[in-house]
Amino acid sequence: MLTRRGDCCLTKKLWDIDNRSTRRHERGGGDQRSEFERDRDRLLYSSAFHRLAGITQIVRAGEANVFHTRQQHTIKVAQVGRRLAQKLQKEQPTEAAYRGLDPEVVEAACIAHDLGHPPFGHVGEHTLHELVIKNDDDGFEGNAQSFRIITKLAIRFPDVDGIDMTRATLAACLKYPWYRAKTGKASKKWSVYKSEKEDFEFARSRHQGHNEKTLEAELMDWADDVAYSVHDLEDFHRCNALPWQKVFVEKDKIIAHALGGQSSVKAKERFNAAYDRLKGFLEGTYSELLSEPYEGTREQREQLRRMTSTLIGNFINAVRINTDRASDVAITFTQDRVDEVQILKQITRDYIIGSPILAAQQYGQMKIIRDLFEALTSNPESSTGYPSFLPVRLRYLRPMAGTSPARFVADCIASLSESEAIALHSRLTGHVTGSVLDPIVR
C-alpha cells in the first residue's frame, strides 16, 4: 500500500526496521556498524565458520587444492547472495523495502547456512540422523544444527548462549522454516529442533501462519543452489573427473534422474529444453575447453572462468521480488533458469557423487561417525555425564537445557573438523596412540 505526502512516495512495510533489528538478548554494545553488519561480522569470526575450512563439500577436505572446502563454498555463496540482494534493492526498491531486504542480512545468512554440517558433509549428516533418531525424535539435520549453533552452541557472551543474532538474520537462516515431521516434506528437511523453539518463534514472529521463507532466506537458498551447481562442476572439470562426452549423449538418463519419479509431461518437456539450452551453450562456446584434457593452460583457465561467470550471471538474473503483496511467497523465478540449475546439479550427482571411488571413501567415513557416536554414547561418567576422553573444548555442551544424550553426542561430533574426527577415532580405536602432549581438539 502506498500513501502520498507531497511529492514523496512512502511505503508501508511488512516489517518495521525496529522489529527486524531486535535481538532476543540484546547483548553487545553499539558501534559504527549497523545491527545487521554486526550479525555478519559475528558469524565471520565464529569458531563454527573457521571449522568449515576442514569440512567436505563433495570430496574430503584436504584431498587436493583443486576442490572447494565447505568454507570456500560458503564464501562464494555469500558473494552471490550479497550481489543478488544489491541487484534487487536497486531494481525494486519499493518492494525490497516492503518485504525487508538488506544485503548484510543476506550475506550473514549465507555465512551461517552450512555451519551445522558435520564432518564428511552429507554422508556425516545422514549417518548422524540414523543414529540420533533412535533416541531423539528431532533427528539430525544440517540446517537445524546451523540454527542451533547460532542460537545455542556458539560462544560469544558470558551469560547467554549463542551469538545473539537479530530477528531478521535468524529468519533469513531458516531455509526450511518448520520442525521435523514424521511424514511428508518436513520428514526430509527441516531447519529447527524443538530445543530451539523460543528462538524459532522469536525469528518467525512476523511470519506465523505460513511456512514460506522470508525474502532474505529465499535469496540465501538460491545463492546456495547457484554456487553449488556451478562451482562443483568447475572443480571436477579441473581434475578431469567429469566425462563431458558422456554428459552430452546421456540426456535421457540425466533427465529421468532429475525428474525424480515425476510423471508430468510438462516437467519432462521443461527439463529437456533446459538440457538442450545448456548443451548448446557449452558445446557452442566452450567445445574446445570441454573436449580436451584440462592441463591448466592460460587459455583453459580463462575459458573456465568465463564459463562459470556467465552461468552465475544468468542465474542471478533469474529472480524478482514478488509484487503480489497478498502472497506470502517472496520471490518469483524464471523457470527456465531454475530448470537449468536442476540439470547442472543432477550432472554432479550422476557423474561425481555416484562414482564408486567416492562411495568407497564415504563408506569409511560413515564408519568413523558410527564408531565415534558409539564411543561417546556408551562411556559416560556418572559424575560429569561425559566420557573422560572427551576433549575439553566440547565439555561445555553437556549441561544445556533440553539436551538429550543423543543430541549431546551429535553436538560433539558436529563440532569437529574432519581431521579432528579422524584423529579422535584413531586414538579411540587404537589405530594410532598419539602423544599425550598433543591435544586432538584445540
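For region 245-344, what does the equivalent ellipsoid look like in terms of its semi-axes, each the square root of 5 times an eigenvalue of the Cα gyration tensor, given largest first in whole Å?
They are 29, 20, 9 Å, listed from largest to smallest.
What is region 185-332 by shape, rounded, prolate or oblate, if you read a ≥ b ≥ c off the alpha carbon gyration tensor as root eigenvalues and call it rounded for a/c under 1.5, prolate for a/b larger than b/c, and oblate otherwise?
prolate
With every protein chain kept in place and ligands, DNA and RNA left out, what is the accessible area per residue of the chain? Probe 1.4 Å, answer in Å².
That works out to 46 Å² per residue.
Rank Ala112, Ala96, Ile133 by how far each Cα sits towards the positive end of the charge dipole of region 78-182 (+1 on Lys, Arg Cβ; -1 on Asp, Glu Cβ) and give me just the farthest.
Farthest along the dipole direction, towards plus: Ala96.
Over the Cα atoms of region 382-425, what is the Rg over Rh ratio if Rh follows Kirkwood?
0.96
Can you sort Cys239, Cys412 by solvent-accessible area, 1.4 Å probe, largest first?
Reading off the accessible areas and sorting them downward yields Cys239, Cys412.
Of Val192, Val329, Thr285, which is farthest on the positive side of the dipole of the chain, counting Cα position, with +1 on Lys and Arg Cβ, -1 on Asp and Glu Cβ, and the Cα centre as origin?
About the Cα centre, the residue reaching furthest to the positive side is Val329.
Enter the Cα centre distance for the pair region 301-318 and region 259-296, rounded to the nearest angstrom.
Spelled out, the Cα-based centre of one part sits 15 Å from the other.
Which is farthest toward the positive dipole end of the chain among Met366, His25, Ile422, measuring Cα position about the Cα centre, with Cβ charges +1 (Lys, Arg) and -1 (Asp, Glu)?
With unit charges placed on the Cβ atoms, the residue in question is His25.
Which value, in debye to the nearest 20, gives the size of the charge dipole of region 24-150 about its Cα centre, when Lys and Arg are +1 and Asp and Glu are -1 at the Cβ?
Approximately 380 debye in magnitude.
To one decimal place, what orientation-averaged projected area in nm² is obtained for the convex hull of the Cα set of region 180-269?
9.3
Under a point spin-label approximation (7 Å from Cα along Cα-to-Cβ), what is the Val338-Ser383 distance to one decimal in nm?
The modelled label-to-label distance comes out at 5.9 nm.
Hey, any idea what % of region 331-370's accessible area is carbon plus sulfur with a 1.4 Å probe?
So the carbon and sulfur contribution to the accessible surface is 59 percent.
Need one number for region 243-297: average projected area of the convex hull over its C-alpha atoms, nm².
Hull-based average projected area comes out at 4.2 nm².
Could you tell me, in Å, what Rg and Dmax come out for the Cα atoms of the chain?
Over the chain's Cα set, Rg and Dmax evaluate to 22.8, 78 Å.
Please work out the ratio of the alpha-carbon Rg of region 296-336 to 2.2 N^0.38 Å and round it to two decimals.
For region 296-336, the normalised Cα radius of gyration comes out at 1.82.
Assign unit charges at the C-beta atoms only (+1 for Lys and Arg, -1 for Asp and Glu), then state the dipole size of the chain relative to its Cα centre in Debye, rounded to the nearest 20.
For this selection, approximately 580 debye.
What trypsin sites (Lys or Arg not before Pro) does region 305-389 have in DSSP loop regions with at most 12 other beta carbons within 10 Å?
Counting only loop positions with at most 12 other Cβ atoms within 10 Å, the trypsin sites (Lys or Arg not before Pro) in region 305-389 are Arg325.
Run the dipole for region 374-434 about the Cα centre, Lys and Arg Cβ at +1, Asp and Glu Cβ at -1, nothing else charged, and hand back the magnitude in debye, nearest 20.
Dipole magnitude for region 374-434 comes out near 160 debye.
Taking a cut-off of 18 Å, what percent of all Cα-Cα pairs in region 23-137 are separated by more than that?
Roughly 62 percent, once rounded to a whole number.
With viscosity set to 0.890 mPa s and temperature to 25 °C, compute the Stokes-Einstein D of region 115-173, Rh being the Kirkwood radius across alpha carbon pairs; µm²/s, no decimals.
Calculated translational D: 198 µm²/s.
Past 27 Å, Cα to Cα, is the threshold; run Lys87/Lys345; Lys90/Lys197; Lys76/Lys197; Lys213/Lys345; Lys134/Lys197 against it and keep the listed order.
Too far apart for the 27 Å limit: Lys90/Lys197; Lys76/Lys197.
Could you sort Glu288, Glu250, Glu283, Glu340 by accessible area so the largest value comes first, with the probe set to 1.4 Å?
So, going from the largest accessible area down, we get Glu288, Glu283, Glu250, Glu340.
The values are calculated or read from the model by the stated rules, or taken from the named source; none is laboratory data. Everything numeric here is computed off the predicted structure, so don't read it as measured data. Positions of Cβ are backbone-derived with ideal geometry, glycine not excepted, and every protein chain shown enters the neighbour counts. Accessible surface is based on the protein model in full, side chains and every heavy atom, while ligands, DNA and RNA are left aside. Shrake-Rupley method; radii C 1.70, N 1.55, O 1.52, S 1.80 Å.
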